[in-house]
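The values are calculated or read from the model by the stated rules, or taken from the named source; none is laboratory data. If you're wondering where the values come from, they're calculated on a predicted model, not measured in any experiment. Note that we place each Cβ from the backbone using ideal geometry, even for glycine, and neighbour counts take in every protein chain shown.
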Amino acid sequence: MLVLGIETSCDETAAAVVRDGREILSDVVSTQIEIHRRWGGVVPELASRNHVLQVMPVVDEALEKSGVTLDEIDGIAVTSGPGLIGALLVGVQVGKSIALAKKKPIVGVNHLEGHLLAVRLGADAPAPPFLGLVVSGGHTSLYAVRDYGDYRLLGATLDDAAGEAFDKVGKLLGLPYPAGIVIDQLAQTGDPKAIKFPRGLTKRATLDFSFSGLKTAAMYHLQKHGIPEGQALADFCASVQEAIADVLTRKAVKAAKEAGLPRLVLCGGVAANSRLRALAVERGAEAGIDVHVPEKRLCTDNGAMIAVAGYETFRRGGGPSGLDLNANPAWRL
Ligand code: KG4
Ligand code: ZN
């Protein structure tokens, strides 16, 4: 089955063609990062307008690169939530228009299900059951994935998402948006023990997260000591990164053990973080849990992961579908 996946929930316009939920035939991502950078974050109205400009060229390019024509596509999968309403609507309208014109089935996909199933596109392609940690700019959630379509939320952030914490601390440091990857790079030569930043909610049994305390601690530290440079900047970044990776991996391993799940899957943009990946593997090994992380380009938003989730939804005959499909910006998985 050939599925065309379309993703426009935030600041990436993406489309991909995937065969049988496993094999990427094409995967095109047009990012708006440069457009939003001067504002220090994603501006929803600018995101919508740029999706309108990019979406058809991106879909055309994905089809062209896949060597598959629209007539040969078996189904269309589009992110219908959660995300920015105006941004989501662009993808949903384009998906429905193609579905109507070409008489193809269409299914709305939850963006988080896409992140959770992106790992199916990698070489090792673990299948459920697994514990999924979704860590992105908008989400920090732990899901028990017992089967395709069976997702149970075990814990989530009560305030900032992990990526948001990276980006907001980066903003305090004067780093360009999105700062996560810059902090990761600067941290490479830093001492993660240099500054002891708070580990939110780790003294309690909860699987929920909180990163606002870290952000505040970072702000007070900078107010007191000024913006660091050179080695001190590297140490600061390594310490922030360690605090985030420590909490995420501790809770993810704990959740997997409690839920009796043998595998841990990391996904979402923050799963590209080098320290998080290394620490997850280390702590997973200690706990006898297999850790899987999709390659970095599959961690950040893309259309291929939406095609995989769409394929699995078609297979089980589920999901919101048909031409009355609408965007649902607050869709909870
Ligand atoms: O999944 P994603 O591309 O978009 C959302 O759905 O949010 O995630 C973007 C987030 C941003 O906060 C970005 O700073 C973070 O992922 N990110 C990283 C790294 N690469 C991307 N955070 C830490 N380390 C990285 N290497
Ligand atoms: Zn995402």
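Considering only residues that are of a type in the set (D, E) and either under 22 Å from V59 (Cβ atoms) or buried (at least 24 other Cβ atoms within 10 Å of the Cβ) (or both), which ones fall in segment 282-311? Don't jump to the end; show me each part of the working.
At the first step, the residues of segment 282-311 found to be of a type in the set (D, E) are 282, 286, 290, 295, 301.
The answer is D301, and nothing else.
Can you find a residue that is within 16 Å of ligand 1 (Cβ to nearest atom), surrounded by fewer than 22 Cβ atoms within 10 Å (Cβ to Cβ) and in a loop (DSSP other than H, G, I, E, B) anywhere in segment 2-17?
The first filter runs over segment 2-17 and keeps only residues within 16 Å of ligand 1 (Cβ to nearest atom), leaving 5-16.
Add one more test, that the residue is surrounded by fewer than 22 Cβ atoms within 10 Å (Cβ to Cβ), and what stays is none.
No, that holds for no residue.
Is there a residue in segment 61-83 that is in a strand (DSSP E or B) and either at pLDDT below 95 or of a type in the set (S, T, Y) (or both)?
Restricting attention to segment 61-83, the residues satisfying the condition of being in a strand (DSSP E or B) are 75-81.
Now narrow it down to the ones that are either at pLDDT below 95 or of a type in the set (S, T, Y) (or both): 79-80.
Looking through segment 61-83, at least one residue is in a strand (DSSP E or B) and either at pLDDT below 95 or of a type in the set (S, T, Y) (or both).
What about V90, is it buried (at least 20 other Cβ atoms within 10 Å of the Cβ) and more than 21 Å from the chain's Cα centre (by Cα)?
Values: buried (at least 20 other Cβ atoms within 10 Å of the Cβ): yes; more than 21 Å from the chain's Cα centre (by Cα): no.
Taking the combined requirement at face value, the residue does not satisfy it.
Anything in segment 1-26 that is hydrophobic (A, V, I, L, M, F, W, C), within 13 Å of ligand 2 (Cβ to nearest atom) and modelled with pLDDT of 95 or more? List them, or say none. It would help to see each step written out before you state the result.
Of all residues in segment 1-26, those hydrophobic (A, V, I, L, M, F, W, C) come to 1-4, 6, 10, 14-18, 24-25.
Narrowing the set further to residues that are within 13 Å of ligand 2 (Cβ to nearest atom) leaves 10, 14.
Scanning segment 1-26 gives a single hit, A14.
Could you pull out every one of the helices (runs of 4 or more DSSP H) wholly within segment 243-333 that has 1 or more residues that are in contact with an Asp or Glu (Cβ under 7 Å, 6 or more places away or on another chain) and under 27 Å from K168 (Cα atoms)?
On the way: elements: 274-287, 296-299, 303-316.
In segment 243-333, 274-287, 303-316 are the helices (runs of 4 or more DSSP H) which contain 1 or more residues that are in contact with an Asp or Glu (Cβ under 7 Å, 6 or more places away or on another chain) and under 27 Å from K168 (Cα atoms).
Quick check: is even one residue across segment 103-116 within 15 Å of ligand 2 (Cβ to nearest atom), β-branched (V, I, T) and out of contact with any helix residue (DSSP H, G or I) (no Cβ under 7 Å at 6 or more places or on another chain)?
Here is the first cut: in segment 103-116, the ones within 15 Å of ligand 2 (Cβ to nearest atom) are 109-116.
Of the ones still in play, those that are also β-branched (V, I, T) are 109.
With out of contact with any helix residue (DSSP H, G or I) (no Cβ under 7 Å at 6 or more places or on another chain) added as a condition, the list becomes none.
Looking for residues that are within 15 Å of ligand 2 (Cβ to nearest atom), β-branched (V, I, T) and out of contact with any helix residue (DSSP H, G or I) (no Cβ under 7 Å at 6 or more places or on another chain), one finds none in segment 103-116, hence no.
Of the residues in segment 314-331, how many are surrounded by 15 or more Cβ atoms within 10 Å (Cβ to Cβ) and touching a Phe, Trp or Tyr at 6+ places or on another chain (Cβ under 8 Å)?
Here the count works out to 0.
Determine which single condition D27 fails, assuming it passes every other condition in (1) crowded, with 21+ Cβ neighbours inside 10 Å; (2) without any contact (Cβ under 8 Å) to a residue 24 or more places away in the chain; (3) of a type in the set (D, E, K, R).
(2)
How many residues does segment 252-289 contain that are within 20 Å of the chain's Cα centre (by Cα) and either more than 16 Å from ligand 1 (Cβ to nearest atom) or not hydroxyl-bearing (S, T, Y) (or both)? Reasoning before the result, please.
Taking segment 252-289 first, the residues within 20 Å of the chain's Cα centre (by Cα) are 252-253, 255-256, 263-281.
Okay, now just the ones that are also either more than 16 Å from ligand 1 (Cβ to nearest atom) or not hydroxyl-bearing (S, T, Y) (or both), so 252-253, 255-256, 263-273, 275-281.
Total meeting the criteria: 22.
Picking from G149, G163, G155, which residue would you name as being touching a residue at least 24 places away in the same chain (Cβ under 8 Å) and within 20 Å of E295 (Cα to Cα)? It would help to see each step written out before you state the result.
Details: G149 fails: within 20 Å of E295 (Cα to Cα); G155 fails: within 20 Å of E295 (Cα to Cα).
Testing whether each residue is touching a residue at least 24 places away in the same chain (Cβ under 8 Å) and within 20 Å of E295 (Cα to Cα) leaves just G163.
Quick test of your reading of the structure: G200 fulfils all but one of (1) under 10 Å from A165 (Cβ atoms); (2) free of Cβ contacts under 8 Å to residues at least 12 places away in the same chain. Name the failing condition by number.
(2)
Yes or no: E34 surrounded by fewer than 19 Cβ atoms within 10 Å (Cβ to Cβ), out of contact with any Ser or Thr (no Cβ under 9 Å at 6 or more places or on another chain) and closer than 15 Å to A309 by Cα?
Numbers: surrounded by fewer than 19 Cβ atoms within 10 Å (Cβ to Cβ): yes; out of contact with any Ser or Thr (no Cβ under 9 Å at 6 or more places or on another chain): yes; closer than 15 Å to A309 by Cα: no.
For E34, the condition - surrounded by fewer than 19 Cβ atoms within 10 Å (Cβ to Cβ), out of contact with any Ser or Thr (no Cβ under 9 Å at 6 or more places or on another chain) and closer than 15 Å to A309 by Cα - is not met.
Of the numbered conditions (1) in a helix (DSSP H, G or I); (2) at pLDDT below 95, R204 satisfies every one except a single condition; which is it?
Here R204 clears every test but (1).
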